[in-house]
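We did not get these values from a lab; they are worked out from the coordinates using the rules stated. All values reported here derive from a predicted model rather than from experimental measurement. Positions of Cβ are backbone-derived with ideal geometry, glycine not excepted, and every protein chain shown enters the neighbour counts.
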Amino acid sequence: MKRRSLLQLAGLTPLMSAAPHLAWGALVNEEADYRLRIATGLVELAPDQIVSTVLYNDQFPGPLFRFTEGKQVVIDMHNDTDTPELLHWHGQTIPSDVDGAFEEGSPFVPAYGMQRITFVPQPAGFRYVHTHAFAGADLARSTFTGQVAPVSIEPKHNPGAYDREVLLVLKEFNP
Ligand SMILES: [Cu+2]
């Protein structure tokens, strides 16, 4: 990691402890368009129904990624867990080295490490990003966790004619 990036991270620490959702959920810095952090956190499914699982930016669902079709994005992915992770950009036609599928050869985000990816979002539509790590028989890993975030890709030319946007992410937790 470059010294400058390290300093930026260090500078973020006080903000994170004060407002973790703001710090990581909508973070846009001068280097990356988005920063996504994989870490253990809590989700309140209902009153007195709290599960500990792995989350994106400390929230479920993860933060909304708003892209424009054909406009390149830079994303920093930080893995603060002890397990290598993969983020799969579901439904997009992007190169396999950034698509987040190990069977296609995408590199893992190392445990306690980070990875930067750059790609051109396409096609337009409502997509999502989710873990593509292999859970096997471990019901506390991969898609059994809260690692999913919505991705909205605006069409390049047609902005649409709607007056309300509702994004739904449904997931079944079985603690
Ligand atoms: Cu998928």
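If you count the DSSP beta bridges with both ends in the stretch 20-154, what percent of them are antiparallel, to the nearest 5?
Here the share of antiparallel DSSP bridges comes out near 75 percent.
Only counting other Cβ atoms within 10 Å, I'd like 103, 31, 69, 172 sorted with the fewest neighbours first.
Ascending number of Cβ neighbours within 10 Å: 172, 103, 31, 69.
Determine, for 93, 83, the number of other Cβ atoms within 10 Å of each Cβ, and report the residues in order from fewest to most.
Fewest-to-most Cβ neighbours within 10 Å comes out as 93, 83.
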